[in-house]
Amino acid sequence: MTDDSPKIDATLPPYSVWSRNCVFTLYGLAAIWGAIQIVLPDSPGLYLLFTLMFALTATFWARLDAIGRSRPIAPILQMLYFLVWPLGAMVYLISRSGWRGLGIAMLHAVGLSVTLALSFYLTFFGLHFAGLLDQRFYQQP
């Protein structure tokens with residue numbers, strides 16, 4: 001007897017797990033970006049790279065979250081979301097969860113800002129007390 005039923009790959013997590021991983025990736029990117037600002041403060045290439053990674057991760061999160069909720073986003077709206085993702089995230093969360101989504105968006109905005117600032121200052125003070133910051137950070141009159 002053969003089993004012709006479709007096989008489900010149990011190793012792939014559902015969309016909600018993937019979208020949660022995208023949120024963790026956004027916070028990780030914010031932490032790394034805060035630390036890099038001390039080591040390479042004037043690097044336009046890194047700025048563009050991190051801008052692209054933030055936008056891609058946020059867009060991927062919205063896409064996965066929408067698919068997981070059975071409300072896929074139209075491709076043109078995904079491109080628009082990619083271009084203005086901070087505003088797009090707020091609009092998406094409000095359309096998804098009502099005014100509660102605005103609170104979620106504000107909490108994540110504060111959380112990402114605190115993560116970035118915390119990694120920035122921890123890196124600065126860590127390098128300062130280790131004596132690894134060079135003289136360009138300390139302008140002598």
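The values are calculated or read from the model by the stated rules, or taken from the named source; none is laboratory data. Everything numeric in this text was worked out from a predicted model, so none of it was measured. As a convention, Cβ positions derive from the backbone with ideal geometry for all residues, glycine included, and neighbour counts pool all protein chains shown.
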*Looking at this structure, is L93 touching a Gly at 6+ places or on another chain (Cβ under 6 Å) and either part of a helix (DSSP H, G or I) or modelled with pLDDT of 95 or more (or both)?*
yes
_Residue within the range 30-42 that is touching a helix residue (DSSP H, G or I) at 6+ places or on another chain (Cβ under 9 Å) and under 23 Å from L102 (Cβ atoms) present_ = yes
*Using the structure shown, decide if F125 is out of contact with any strand residue (DSSP E or B) (no Cβ under 9 Å at 6 or more places or on another chain), surrounded by fewer than 16 Cβ atoms within 10 Å (Cβ to Cβ), of a type outside the set (G, A, S) and at pLDDT 90 or above.*
yes
*asked:* Out of the residues in the range 64-79 meeting the condition of being surrounded by 12 or more Cβ atoms within 10 Å (Cβ to Cβ) and free of Cβ contacts under 8 Å to residues at least 24 places away in the same chain, tell me which one is nearest to the chain's Cα centre (by Cα).
replied: Q78
*Residue by residue through the range 45-61, note down the ones that are of a type in the set (G, A, S) and either farther than 15 Å from Y27 by Cα or surrounded by fewer than 18 Cβ atoms within 10 Å (Cβ to Cβ) (or both).*
G45, A55
*Being among the basic types (K, R) and outside any helix (DSSP H, G or I) is the filter; apply it to the range 33-73 and report the residue that is modelled with the highest pLDDT.*
R71
*Are there any pairs, at least 6 apart or on different chains, whose C-beta atoms fall under 7 Å, with the first in the range 80-97 and under 15 Å from L26 (Cα atoms) and the second assigned to a helix (DSSP H, G or I) and among the polar types (S, T, N, Q), and if so, which?*
F82/T59; W85/T59
